[in-house]
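S.K.: Before I ask anything, let me first share the structure, which is written out below as structure tokens.
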Amino acid sequence: MTTDQDCPDCSDGGERLEQLYRYLDGALTAEDIEQVRAHVAECPDCHHQQELELLIRSAVRRSCQEKAPAQLRATIMTRITQISTTVRRG
């Protein structure tokens, strides 16, 4: 949540942003959730910040679901085995 001259609640931008992250993580009390929800609904800057964060989280979630090609996984596993064997002998 950014500092906004028109929004007195946003004067502490860093704390507001941290609270938004905790809200999106589901780490707030029911009372705090309602406060953040109401604020985001009224504050264009905070609403924009929430939308941006949701897009970023969605992109990260999608990219974490992709699997590496089989050949790459096999190469990595072979290399791990080689390193493990070398360390045990050493």
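FYI, it's all coordinate maths here, none of it is from the lab. Here the structure is a predicted model, which means the values were calculated and not measured. Neighbour counts are summed over all protein chains in view; Cβ atoms, including those assigned to glycine, are modelled from backbone coordinates with ideal geometry.
S.K.: Would you order Asp25, Asp32 from fewest to most other beta-carbon atoms within 10 Å of each residue's own beta-carbon?
M.R.: Arranged by neighbour count, lowest to highest, Asp25, Asp32 become Asp25, Asp32.
S.K.: Order of Arg88, Arg37 from fewest to most other C-beta atoms within 10 Å?
M.R.: Least to most surrounded, the residues fall as Arg88, Arg37.
S.K.: Modelled label-to-label distance, Glu34 and Arg62, 7 Å Cα→beta-carbon offset: nm?
M.R.: 3.6
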